[in-house]
Amino acid sequence: MLEVRNLKASVDGNPILRGIDLTVKEGEVHAIMGPNGSGKSTFAQVLAGHAAYEVEESSSVTFLGEDLLDMPAEERARLGLFLAFQYPVEIPGITNSYFLKAAVNEIRVSRGLEELDAMDFADQLKEKMELINVDPRFAERFVNHGFSGGEKKRNEILQLAVMEPRLAILDETDSGLDIDALRVVSEGVNKLRSENRAFILVTHYQRLLDYIVPDFVHVLYKGRIVRSGGKELALELEEKGYDWLRETEDALV
Amino acid sequence: MSEIPQSKVRDAYLALTAARPNGNTPAWVQALHAEGESLLRETELPHTRMEEWRQTNINAINERTFAPLTDAPDHGVDADSVAALRFVNGVCSESVFVNGFHVPGLGSRKDLPAKVAVTGLCNAQLGDHAETVKAHLNHHLGARNAYTALNTAFLQDGAFVHVPRNTVVETPIHLLFLATPALEDCSAAIRNLIVLEEGAQATIILSFAGNAGAAAYLSNVVDEISLGANASLTLCKLVREGAQGNHLATTEVHQHRDSRFHAHTFSMEGAVIRNQLCVNLAGEGAECKLNGLYLNDGNRLIDNALQLTHTVPRCSSRIAYKGILDGKSKSVFTGKVNVLRDAQKTDSNQISNNLMLSDTAAIDAKPQLEIYADDVKCTHGATVGSSPPEIIFYFRSRGIDEATARGMLTYGFAGEIVDEMNIDAVHAPLSAYIYDKYSPKI
Ligand SMILES: Nc1ncnc2c1ncn2[C@@H]1O[C@H](COP(=O)(O)OP(=O)(O)O)[C@@H](O)[C@H]1O
Ligand SMILES: [Mg+2]
């Protein structure tokens, strides 16, 4: 469903992604690991359509058969791409339910479906909140406003559940969570796994992968995927640490 | 340089006082007229070299004479035209004023306790309420500016509301001021007097609406409000003048001990809008909360000039104003708080937040604290900004395009002020109005 070919991106002329290749098929869970500053968030944001990054002409990304790179961010979302942000923004004045209803209806309209009215949407939201175990009061709180770090991450998963994307990219959704919060978030994600939905889990810590078991693990380093393997690669990385990468990779340059 | 034509304009206003009908005007009201006249004679029309008007250029109003209407000409307003301009939607007692003059046939009393008066000021000067009017009228208005003096010089009609001791009025009182085409090139001197006696309680909606006429007019408004001990007033003001309509208003509030005053001022439409709101916290334990929202765009000018005086100890004041600024509009917000020497234990805070929707809109927002007491708590803050790109990207990543996102953010920004006002009859239409105004047009 997602094919990334030779993805190169830079900010203000400084290259950050230096040629990424990745293929994700329906139902698969891919983990992307790597030390701080290796370009994990940049990769996630470029896929989501953030305008701050200049993507090279020679790069190509197709998603569900469509050319993603020429598509505005909102159209990518309507097509079924979802990004759970590493640092979700706070939006005072706008309640979660108002925000999510607008989002869901934008997606429905783009697919030729009728908009949900307030009642139907409220039912759907309630069901999703139960599914992933969040406080019903989330609905009427302003989006992420005054939320703790853990609440923000949970709210991202709630949005994921409501928007029902085909591909969900989770950018360090596990970072900064204590073990209980991590469990809640992982259970949420596991419930949302399905045959036609794929996940890219961006993470700094191997710990997440004890809860959400990936099909593939990739290691991103200095803007390139330098290793790919099964879930055992995460364990190897955990054992040897990112310094091992630095030594082996930097020796090649 | 502009003094010469402006003093001519002032002389023209003074000359027009001769046309004021004095038929059955009581002598004490005639004395007020004379007071207004002599004050006007001594007072320059406001200009930008006056401290208080530095940012508020109303030359467009000063350069011409808006002859005050002195009687209620055949106005052709009927129930349908009132309905078209009503805006407020819910059960209210309603009094309708056309070009400043009370039209009894168009109003209706709803659930008003018998002793509560809601009527025209002109009528009240003569009837049972003459003593109350005499005791309050022009007693609360300070020497504010040439236009308030002009208002006094031409004082005739407006609203009179009197709520007797310990009387609670549950149903909102809606005072609807309509500007019709007969007001074009002219002004209405609207004088409102609101008196709540000790322990009285009421909710009053002051609503100004104009037909979008082609020619300019001026609503020249003075409100005098007296709140007795432990009285409680919620005042909601809606300014929706015609596109060429100008609105210069001074609201003067005198608060006795333990009284509560909550004001919600919504500046929506009109070429020039100036809401001067002066509150004197004159009795211990009095509390006021002044909220406002101004929706500015085009080439319009909106000025909210607050002037709060803490005269005695242990009073509290809260000011929260927000502006949404678009086009080439100019907005001014001044939160002047004067804490006099005796006003120990004053608790005052103010905040003004402004959302810029265009690069060409201008705002001058400033607190102005003058504190002469030493044991006080006074805070203030002001922000001006637009929605950060990271927030817009967050919306887009959820399938919501930028224009829709900005509309939602603007609506959410206004919501904080709108939601603090708990008058149902205004809340729903106002929310809908703001939603429509800022939703992207397809
Ligand atoms: N918008 C940006 N502007 C400038 N530099 C950026 C921007 N985004 C990322 N970078 C830089 O790119 C590198 C990779 O960052 P990032 O993708 O956030 O890494 P990771 O998520 O793996 O920690 C860092 O050096 C970072 O400073
Ligand atoms: Mg990151």
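The values are calculated or read from the model by the stated rules, or taken from the named source; none is laboratory data. Only a predicted model underlies this, so the values are computations on that prediction, with no experimental measurement involved. Please note: Cβ atoms are built from the backbone with ideal geometry, for glycine as well, and neighbour counts cover all protein chains shown.
Summed over the stretch A:53-78, the residues that are over 22 Å from A:Arg224 (Cα atoms), without any contact (Cβ under 8 Å) to a residue 40 or more places away in the chain and away from ligand 1 (no atom under 16 Å from the Cβ) give a count of 9.
The condition of being surrounded by 16 or more Cβ atoms within 10 Å (Cβ to Cβ) and within 14 Å of chain B (Cβ to nearest Cβ) holds for only one of A:Glu106, A:Glu115, that being A:Glu106. For A:Ser10, the conditions (1) within 16 Å of ligand 2 (Cβ to nearest atom); (2) outside any loop (DSSP other than H, G, I, E, B) all hold with the exception of (1). Looking only at residues of the stretch A:36-78 that are over 23 Å from A:Lys222 (Cβ atoms) and of a type in the set (Lys, Arg), we find that the one that is farthest from the other protein chains (Cβ to nearest Cβ) is A:Arg76.
Apart from one condition, A:Phe43 fits all of (1) assigned to a helix (DSSP H, G or I); (2) away from ligand 2 (no atom under 16 Å from the Cβ); the exception is (2). Restricted to the stretch B:206-304, the set of strands (runs of 3 or more DSSP E) holding at least 3 residues that are more than 14 Å from the chain's Cα centre (by Cα) and over 27 Å from B:Ala365 (Cβ atoms) comprises B:217-227.
Against the test of being touching a residue at least 12 places away in the same chain (Cβ under 8 Å), closer than 21 Å to B:Gly292 by Cα and touching a strand residue (DSSP E or B) at 6+ places or on another chain (Cβ under 9 Å), the options B:Ile225, B:Ile190 yield a single qualifying residue, B:Ile225. Of the numbered criteria (1) at pLDDT 95 or above; (2) within 14 Å of another protein chain (Cβ to nearest Cβ); (3) within 18 Å of the chain's Cα centre (by Cα), the one A:Glu28 fails is (2). Considering the conditions (1) touching a helix residue (DSSP H, G or I) at 6+ places or on another chain (Cβ under 6 Å); (2) within 16 Å of ligand 2 (Cβ to nearest atom); (3) at the interface with chain B (Cβ under 8 Å from one of its Cβ atoms), A:Gly93 is excluded by exactly one of them, (2). Tell me, which residue of the stretch A:168-187 that is crowded, with 23+ Cβ neighbours inside 10 Å and more than 16 Å from ligand 2 (Cβ to nearest atom) is farthest from B:Arg398 (Cα to Cα)? Filtering first and then ranking leaves A:Val185. Just to be sure, is A:Thr23 part of a strand (DSSP E or B) and either without any contact (Cβ under 8 Å) to a residue 24 or more places away in the chain or touching a Cys at 6+ places or on another chain (Cβ under 9 Å) (or both)? Considered against the rule, which asks whether it is part of a strand (DSSP E or B) and either without any contact (Cβ under 8 Å) to a residue 24 or more places away in the chain or touching a Cys at 6+ places or on another chain (Cβ under 9 Å) (or both), A:Thr23 comes out as yes. Apart from one condition, A:Leu220 fits all of (1) away from ligand 2 (no atom under 16 Å from the Cβ); (2) outside any loop (DSSP other than H, G, I, E, B); the exception is (1).
Out of everything in the stretch B:307-360 that is under 19 Å from the mean Cα position of the chain (by Cα) and among the charged types (D, E, K, R), what residue ends up being surrounded by the fewest Cβ atoms within 10 Å (Cβ to Cβ)? The qualifying residue surrounded by the fewest Cβ atoms within 10 Å (Cβ to Cβ) is B:Arg318. Residues in the stretch B:151-204 that are part of a loop (DSSP other than H, G, I, E, B) and either outside the structural domain of B:Arg109 (by TED's automatic domain parsing) or of a type in the set (Val, Ile, Thr) (or both): B:Thr167, B:Val169, B:Thr171, B:Thr180. Every condition in (1) within 14 Å of another protein chain (Cβ to nearest Cβ); (2) farther than 28 Å from A:Glu75 by Cβ; (3) aliphatic (A, V, I, L, M) is met by A:Ala181 except one, and the failing one is (1). Among the residues making up the stretch A:40-52, a single one is modelled with pLDDT under 95 and either within 19 Å of A:Ile225 (Cα to Cα) or within 7 Å of ligand 1 (Cβ to nearest atom) (or both): A:Ala52.
Of all residues in the stretch B:125-156, those satisfying the criterion of being touching a helix residue (DSSP H, G or I) at 6+ places or on another chain (Cβ under 8 Å) and farther than 30 Å from B:Met50 by Cα are B:Gln125, B:Ala130, B:Thr132, B:Val133, B:Lys134. Would you check if A:Phe199 is part of a strand (DSSP E or B) and more than 15 Å from ligand 1 (Cβ to nearest atom)? So A:Phe199 passes the test. Annotation for the stretch A:22-31: no member residue is within 16 Å of ligand 1 (Cβ to nearest atom), surrounded by fewer than 17 Cβ atoms within 10 Å (Cβ to Cβ) and over 30 Å from B:Ile434 (Cα atoms). Could you please let me know if A:Leu81 is in contact with a Leu (Cβ under 6 Å, 6 or more places away or on another chain) and within 12 Å of chain B (Cβ to nearest Cβ)? In short, yes. In summary, A:Glu172 fulfils each of the numbered conditions (1) without any contact (Cβ under 8 Å) to a residue 24 or more places away in the chain; (2) within 16 Å of ligand 1 (Cβ to nearest atom) with the single exception of condition (1). Tally up the residues in the stretch B:167-183 that are in contact with an Asp or Glu (Cβ under 7 Å, 6 or more places away or on another chain) and surrounded by fewer than 21 Cβ atoms within 10 Å (Cβ to Cβ), please. Of the residues in the stretch B:167-183, 2 are in contact with an Asp or Glu (Cβ under 7 Å, 6 or more places away or on another chain) and surrounded by fewer than 21 Cβ atoms within 10 Å (Cβ to Cβ).
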